[in-house]
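The values are calculated or read from the model by the stated rules, or taken from the named source; none is laboratory data. These numbers were taken from a predicted model, which means no experiment stands behind them. We place every Cβ from the backbone using ideal geometry, glycine too, and count neighbours over all the protein chains shown. Keep in mind that these areas ignore ligands, DNA and RNA; they rest on the heavy atoms of the full protein, side chains included. Shrake-Rupley method; radii C 1.70, N 1.55, O 1.52, S 1.80 Å.
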Amino acid sequence: MALHKGPEKHEARRVSVNPFFGEANPVGGMAEAPPTHRLPDAPLPPSTAYQLVHDELMLDGNSRLNLATFVTTWMEPQAGVLMAECRDKNMIDKDEYPRTAELERRCVAMLADLWNAPDPSAAVGCSTTGSSEACMLAGMALKRRWAKRNADRYPGARPNLVMGVNVQVCWDKFCNFWEVDARLVPMEGDRFHLDPQAAVALCDENTIGVVGILGSTFDGSYEPIAELCAALDGLQEVTGLDIPVHVDGASGAMVAPFLDEDLVWDFRLPRVASINTSGHKYGLVYPGVGWALWRDKEALPEELVFRVNYLGGDMPTFALNFSRPGAQVVAQYYTFLRLGREGYRAVQQSTRDVATSLAGKIEALGDFRLLTRGDQLPVFALTTAEGVTSYDVFDVSRRLREGGWLVPAYTFPANREDLSVLRIVCRNGFSHDLADLFVDDLTRLLPELRRQQSPLTRDKETATGFHH
């Protein structure tokens, strides 16, 4: 949803049309420059309209050099062809597009098996536009289950959700939109994510659930999901409170199953009621597709599910929006089919290798201190080393942007607002060669940065477009 405001004067600027856009008559191509903030009075030739939009978009950053985003920026050409063939299919029309619906069902079944559901055939799930929607759906299920268990006290009682202060902003939105109190575990010292005992201390009879993050966006670290579940088991033994866990695996749920097979974080833990992931992150699909899964039908209240009949069968649907393209779901199935477990393992291992190698090379420069090393998510955070006073991470981010590299700089939340970091996300397509070019550019910048009298940043809130 666009929230941008248009200019005060809509006629302040028009798009400039190159004479050569007029294919038969160069002068004719300049007959009218279309306005930018209202519909033109007359049509344009398709080649002219294309070129105008294409030229303006050249000013966007290069997505392959964007080390801020987790979102997939490269897929095979065959995937692009499939997506083009399916972009006109509306995912919600399951009776019109039963095969697309079937591919969605297969993806859910594959994820249920990948995440060790007790009975993959009994697990329920759905595709979404991304992890944000998936988290909203999971939160709704947690709240509805809590409300049913506490029907004698709700709506009088105010529900709450416990999570680390490092959660993605979609969880703040959920709590705001669905009137749930957010109880946040702050960072402390060198702990940059949720602490199980601190989380349990915030739980009470109004807690609808606890969110654990498998791959924090702040530094790429996994939260201790098994320890969190064990702490909640202990709480239940003492108080009788049975509080479920939702695992926000937006990134890590498509990394850990392949690279950290011994890590127990998923449906093997009975307290884990639901898991989400972003297919368009380390699921290796262009945006936007996400997935939400519940361990069984009991974890997802039936009244939240709408049912669509197609081909004489029964197709449950659970979504916030209605119409959306089926292309990304098809691309997800293609990628599952194309790579399999061994293929995903190879891709994710390569990405992690790039991350850990790059982290080591940056540390060797001597100007930076690593907070994480890319050995969980292929993501790491760093700050300036002790003794570096002539520049800060915001200066580094700004100077790297001059070379096309988008590296976010930001301050951590409570209780570590004193810590400002750079974060580098390595994705499939960001190769060792590109990483070496990045180190070369960073190395060339350092002498100039070291010669500064002091950091140039005055307002850290506006120094970067990244605030989470």
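Points to keep in mind about this one:
- The residue that is farthest from THR443 (Cα to Cα), among those in segment 397-423 that are in contact with a strand residue (DSSP E or B) (Cβ under 6 Å, 6 or more places away or on another chain) and open to solvent by less than 30 Å² (accessible area, probe 1.4 Å), is SER420.
- On the stretch given as segment 323-358, residues that are buried (at least 18 other Cβ atoms within 10 Å of the Cβ) and free of Cβ contacts under 8 Å to residues at least 40 places away in the same chain total 0.
- Any hit, segment 387-410, residues being hydrophobic (A, V, I, L, M, F, W, C), touching a residue at least 60 places away in the same chain (Cβ under 8 Å), touching a Lys or Arg at 6+ places or on another chain (Cβ under 7 Å) and in a helix (DSSP H, G or I): yes
- Flag if LEU142 is crowded, with 24+ Cβ neighbours inside 10 Å, without any contact (Cβ under 8 Å) to a residue 60 or more places away in the chain, in contact with a strand residue (DSSP E or B) (Cβ under 6 Å, 6 or more places away or on another chain) and outside any loop (DSSP other than H, G, I, E, B): no
- Residue pairs whose Cβ atoms lie under 6 Å apart, separated by 6 or more positions or on different chains, with the first residue in segment 423-445 and free of Cβ contacts under 8 Å to residues at least 60 places away in the same chain and the second assigned to a helix (DSSP H, G or I) and open to solvent by 10 Å² or more (accessible area, probe 1.4 Å), are LEU445/ARG399.
- Residue, farthest from the chain's Cα centre (by Cα), within segment 374-396, restricted to residues that are open to solvent by 10 Å² or more (accessible area, probe 1.4 Å) and aliphatic (A, V, I, L, M): VAL388
- Look at (1) assigned to a helix (DSSP H, G or I); (2) at pLDDT 95 or above and you find that MET163 fails only one, number (1).
- Check on SER278, closer than 22 Å to LEU103 by Cα, open to solvent by less than 30 Å² (accessible area, probe 1.4 Å) and hydroxyl-bearing (Ser, Thr, Tyr): yes
- Scanning segment 242-265 for residues that are open to solvent by 10 Å² or more (accessible area, probe 1.4 Å), touching a helix residue (DSSP H, G or I) at 6+ places or on another chain (Cβ under 6 Å) and more than 14 Å from LEU377 (Cα to Cα) yields ASP242, VAL264.
- Considering ARG373, ARG369, the condition of being in contact with a Leu (Cβ under 7 Å, 6 or more places away or on another chain) and of a type outside the set (Asp, Glu) is satisfied by ARG369 alone.
- Candidates are the residues of segment 152-174 that are more than 20 Å from LEU214 (Cα to Cα) and open to solvent by less than 70 Å² (accessible area, probe 1.4 Å); the one that is farthest from the chain's Cα centre (by Cα) is ALA157.
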